[in-house]
Every structure is written in structure tokens, then in C-alpha cells.
Amino acid sequence: MQSEGYITEVRYVWGYFDEMSPRAINEAAWASGHAGVALGEPFRYLELGCGFGLSAASFAATHPHATFHGVDLNPRHIEEGQGFAHTAGLRNLVLEAASFEQVLAQQREPYDFIALHGVYSWVSDSVRAQI
């Protein structure tokens, strides 16, 4: 897999980031005068640079009626995250090893949420432009 513009030699940490939760994003939208997404209804969520997908897995567990998709260029991270999601029985979470360019090129339904955490410090200027 093409990794130009991405740091892939460093193992990412297992971590949960509440500020990326649908609830926290809704609160930020409301505070800025924008409508949020109805969290009791089905919605779609994308995490760019999901690492092992722990945050997305946590959100998927608490919102079983929603669809969560995480992408990360590092296939080792995705494999570990997929194992965790499988063990947890999270059928509404898909983790995929892909570049942001590949995500942009794929035809997908629109997402209600797109989140990322710390990604800018791990990627080149050209990848930042894709974000």
C-alpha cells in the first residue's frame, strides 16, 4: 500500500477520544448555532486516521442503530481493530486500511459526521490537502 505522505513506522497508541463522539460534535455544532444530527435515528460516521478504531468502536457500541466507518493507512492497526470489533460483536463498525485519497475516490453515501484526531501531525502537506 502506498504510504507516501504518511508516517507508518510508528505504532499508534490505543486511545479513546470523547471529543470525536457524535454527542460532542453535536454540542459543538449547537454552540456554533448549527443544527445537530438526531442521535436516536440512524446516522453515518466516518473517522479518518482511526488507528485501532477504539473511539469508533466505543461510539458503535453506544449507537447500535448507526453505521461507523474507520479508515487508517496502517494495515496492522486495522487488523488489530478489526479483531477487537469482532470480539465485541460490533456489526455496525467497518474498519478499512485505506489512504484518504482512496476514501475520496470511492462512491459512498454521505456521512453525517466526519472526524479525525491528531492526524495533521502524522501526514504531509499533500495529505492535509486531501483532508
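Tabulated data
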read-out	value
Cα radius of gyration and Dmax for the range 38-80 (Å)	10.9, 34
Vicinal HN-Hα couplings computed from phi for the range 36-53 (Karplus, 6.51 cos²θ - 1.76 cosθ + 1.60; Hz; Gly/Pro x)	x, 9, 5, 6, x, 9, x, 8, 10, 10, 10, 10, 8, x, 6, x, 7, x
When the chain is reduced to its Cα atoms, the Kirkwood hydrodynamic radius in Å	15.1
Cβ-placed point charges (K, R +1; D, E -1), dipole of the chain about Cα centre in debye, nearest 20	180
Placed amide H near residue 115: partners under 5 Å, 5+ positions off or other chain	46, 47, 48
Dipole axis of the chain (+1 Lys, Arg; -1 Asp, Glu on Cβ), positive-most option in 121, 60, 77	60
Probe 1.4 Å - accessible area at residue 58, Å² to nearest ten	40
Mean Cα-pair separation over length for the chain, i.e. relative contact order, pairs under 8 Å, 6 or more apart, %	29
Other-chain or far-sequence residues with amide H under 5 Å of residue 96's (modelled H)	70, 71, 72
HN-Hα J in Hz across the range 68-82 - Karplus 6.51, -1.76, 1.60, θ = phi - 60°, x for Gly and Pro	10, 9, x, 10, 8, 6, 7, x, 5, 5, 4, 4, 5, x, 5
Degrees, to the nearest 10: 22-31 long Cα axis against longest axis of the chain	70
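The values are calculated or read from the model by the stated rules, or taken from the named source; none is laboratory data. On a predicted model such as this, the values are computed, not experimentally measured, just so you know. Here Cβ is always computed from backbone atoms with ideal geometry, including for glycine, and neighbour counts include all displayed protein chains. Note: accessible area is taken over every heavy atom of the protein model, side chains too, but ligands, DNA and RNA are not part of it. Shrake-Rupley method; radii C 1.70, N 1.55, O 1.52, S 1.80 Å.
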